[in-house]
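First up is the structure itself, then whatever we jot down about it.
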Amino acid sequence: MTATLDVSVPPHDLGYPVRVGAGVLHEVGATLRRAAPRGKRAALIADANVMPLYGDAAARSLRTAGFEVVSLSFPAGEASKSVANLVALVGQLVAAGLGRSDAVVALGGGVTGDLAGLVAATFMRGIPFVQCPTSLLAQVDASVGGKVAVDLPQGKNLLGVFHFPSAVLIDPDVLQTLSDEELGCGLAEMLKHGALFSREHVDDLMSRADAIYARESAVLAPLVLASVGLKAACVSRDPMERLGNTGRVFLNLGHTVGHAIESASDFGLKHGQAVALGLRASARLSERGGWAPAGLEANMVAALERLRLPTALDPWLEGAQGQRVAEALASDKKRAEGRVAFIVLSGLGEPKVVELGVAEILALLRG
Ligand SMILES: NC(=O)c1ccc[n+]([C@@H]2O[C@H](COP(=O)([O-])OP(=O)(O)OC[C@H]3O[C@@H](n4cnc5c(N)ncnc54)[C@H](O)[C@@H]3O)[C@@H](O)[C@H]2O)c1
């Protein structure tokens, strides 16, 4: 199955196609050619894990489309999403002779997409780029929506812009080489999309968990497409994150508590694992605060377990760890005067924004 989903970016004419299907990585040359009809050079940016795996396939396709390929690699990991790497990569584009009519390919996980996307956004005031996400998290989340950024010492994603890709090519075959742990992180975001907007998506994920972990392309492709469709519908309603309580803010489901746990773990937990715990926290809080009927937390735990994701929330709410989570919640950059727009669920597929203080959140979670 290969399918194309068009993501609209109203009111701007910045919409882009998302192609999902086995083998679509080989379309990157033709796709970039449409984005940069007069381009001579393509900067192919990937981290040191992904470049040896898929760099050749992408470069071959780019050469076939008439591009001279400039391959640029950097060490894998969040630490590479830095101002230093942004400046170094832009310098390498200058040194390689890229110009305004040339273009960038981001081949990799969310770190690569965010970093290479910001390179494309800022080099000569912006050139086109195509996203080829290779982690499940990047396929269902980071590559769609147009947010690109690097981290500052003060916090994640603090230096960034909106720069919409010319196209996104999602090839489920590349997930063959992704670890189960990283696959699980993507599944946490897919579960979030289902919990927010579609109970059916949650059911589909649960019933196909084994085939997902077996990396069955025929199962992965439609599920990834469905998840991207749910995120895309949300970001198209609010492309620049300007709507108050009905737009992109919903995508924070599970992330308020998830971020706090992630930082309290000194990043020992991966983002997706922390989000999994955050999803349980949101379900518990929704139930205990009276927004959802009894049973929502149990349903969320069942889904997390089926998807082989962590569920042990309570150790993060008690003792010294609980104290660290409380401090992280209080210092999160999104806090306005100690209150937070917290996403609760009235049920699966029914999100709602409520204003809560940090103390209220903790009291409801600790029960
Ligand atoms: N822009 C957005 O809207 C958005 C949304 C969500 C997350 N993000 C960002 O995404 C980043 C996290 O993304 P991530 O989890 O993909 O991290 P990542 O890019 O570090 O990838 C995770 C690991 O998987 C490896 N990898 C990727 N694809 C592989 C493959 N096919 N085979 C083998 N190994 C592979 C990478 O080398 C890396 O070691 C964070 O920086 C986060 O802020 C951005």
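Mind counting the residues in segment 47-71 that are of a type outside the set (S, T, N, Q) and over 22 Å from the mean Cα position of the chain (by Cα)? Walk me through how you get there before you give the answer.
We begin by selecting, within segment 47-71, every residue of a type outside the set (S, T, N, Q); these are 47-48, 50-60, 62-63, 65-70.
From what is left, the residues that are over 22 Å from the mean Cα position of the chain (by Cα) are 52, 56-57, 59-60, 62-63, 65-70.
Qualifying residue count for the region: 13.
Name the single residue, out of those in segment 111-123 being crowded, with 24+ Cβ neighbours inside 10 Å and of a type in the set (Gly, Ala, Ser), that is farthest from the ligand (Cβ to nearest atom).
Filtering first and then ranking leaves Ala120.
Within segment 140-156, which residues are among the hydrophobic types (A, V, I, L, M, F, W, C) and near the ligand (Cβ under 10 Å from one of its atoms)?
Val140, Ala142, Val144, Val148, Ala149, Val150
Which condition number in (1) more than 11 Å from the ligand (Cβ to nearest atom); (2) at negative phi is the one that Leu107 fails?
Going through (1) more than 11 Å from the ligand (Cβ to nearest atom); (2) at negative phi one by one, Leu107 breaks only (1).
If you scan segment 215-250, which residues turn out to be open to solvent by less than 20 Å² (accessible area, probe 1.4 Å), closer than 23 Å to Gly278 by Cα and of a type in the set (A, V, I, L, M)?
Those that are open to solvent by less than 20 Å² (accessible area, probe 1.4 Å), closer than 23 Å to Gly278 by Cα and of a type in the set (A, V, I, L, M): Leu223, Val224, Val228, Ala232, Val235.
Taking segment 232-251, which residues are modelled with pLDDT of 95 or more and among the polar types (S, T, N, Q)?
none
Which count do you get for residues in segment 153-175 that are touching a residue at least 40 places away in the same chain (Cβ under 8 Å) and not in a strand (DSSP E or B)?
9
So which residues in segment 1-30 are open to solvent by 10 Å² or more (accessible area, probe 1.4 Å) and under 17 Å from Gly117 (Cα atoms)?
Listed by number, the residues that qualify are Leu14, Gly15, Pro17.
Within segment 63-94, which residues are within 16 Å of the ligand (Cβ to nearest atom), part of a loop (DSSP other than H, G, I, E, B) and surrounded by 14 or more Cβ atoms within 10 Å (Cβ to Cβ)?
Those that are within 16 Å of the ligand (Cβ to nearest atom), part of a loop (DSSP other than H, G, I, E, B) and surrounded by 14 or more Cβ atoms within 10 Å (Cβ to Cβ): Ala76, Lys81, Ser82.
When the residues of segment 129-139 are filtered to those that are aliphatic (A, V, I, L, M) and within 9 Å of the ligand (Cβ to nearest atom), which remaining residue is most open to solvent (accessible area, probe 1.4 Å)?
Taking the candidates together, the pick is Leu137.
Assess whether Gly126 counts as being without any contact (Cβ under 8 Å) to a residue 40 or more places away in the chain, within 13 Å of the ligand (Cβ to nearest atom) and open to solvent by 10 Å² or more (accessible area, probe 1.4 Å).
In short, no.
Residues to consider are Ala302, Ala292, Ala312, Ala298; find the one that is outside any helix (DSSP H, G or I), of a type in the set (A, V, I, L, M) and under 20 Å from His201 (Cβ atoms).
Step by step, each of Ala302, Ala292, Ala312, Ala298 is checked, and only Ala292 is outside any helix (DSSP H, G or I), of a type in the set (A, V, I, L, M) and under 20 Å from His201 (Cβ atoms).
Restricting attention to segment 176-208, which residues are open to solvent by 50 Å² or more (accessible area, probe 1.4 Å), of a type in the set (Ser, Thr, Tyr) and either touching a residue at least 12 places away in the same chain (Cβ under 8 Å) or touching a Pro at 6+ places or on another chain (Cβ under 6 Å) (or both)?
Thr177
Please specify each residue of segment 4-25 satisfying the condition of being in a strand (DSSP E or B) and out of contact with any Pro (no Cβ under 8 Å at 6 or more places or on another chain).
Pro17, Val18, Arg19
Residue under question is Lys147, and the condition is that it be at pLDDT 95 or above and open to solvent by 20 Å² or more (accessible area, probe 1.4 Å); does it hold?
When the stated conditions are applied, Lys147 passes them.
Give segment 234-247 a look and list any residue that's farther than 23 Å from Leu296 by Cβ and not in a loop (DSSP other than H, G, I, E, B), or say none.
Within segment 234-247, Val235, Ser236, Arg237 meet the criteria.
So which residues in segment 26-62 are within 15 Å of the ligand (Cβ to nearest atom) and assigned to a strand (DSSP E or B), if there are any at all?
Hits for segment 26-62 are Leu44, Ile45, Ala46, Asp47.
With respect to Leu196, determine if the residue is out of contact with any helix residue (DSSP H, G or I) (no Cβ under 9 Å at 6 or more places or on another chain), assigned to a helix (DSSP H, G or I) and away from the ligand (no atom under 13 Å from the Cβ).
Values: out of contact with any helix residue (DSSP H, G or I) (no Cβ under 9 Å at 6 or more places or on another chain): no; assigned to a helix (DSSP H, G or I): yes; away from the ligand (no atom under 13 Å from the Cβ): yes.
No; evaluated as a whole, the condition is false for this residue.
Out of curiosity, is Ala298 surrounded by 20 or more Cβ atoms within 10 Å (Cβ to Cβ) and under 19 Å from Ala276 (Cβ atoms)? Let's see the steps before the verdict.
Details: surrounded by 20 or more Cβ atoms within 10 Å (Cβ to Cβ): no; under 19 Å from Ala276 (Cβ atoms): yes.
Judged against the criteria, Ala298 is not a match.
Tell me which residues, restricted to segment 285-295, are crowded, with 23+ Cβ neighbours inside 10 Å and either under 25 Å from the mean Cα position of the chain (by Cα) or more than 18 Å from Gly194 (Cβ to Cβ) (or both).
Leu285, Ser286, listed by residue number.
The values are calculated or read from the model by the stated rules, or taken from the named source; none is laboratory data. The structure displayed is predicted, hence computed values, not measured ones. With ideal geometry, Cβ positions are generated from the backbone for all residues, glycine too; neighbour counts draw on all protein chains shown. The accessibility values were calculated without ligands, DNA or RNA, using every heavy atom of the protein model including side chains. Shrake-Rupley method; radii C 1.70, N 1.55, O 1.52, S 1.80 Å.
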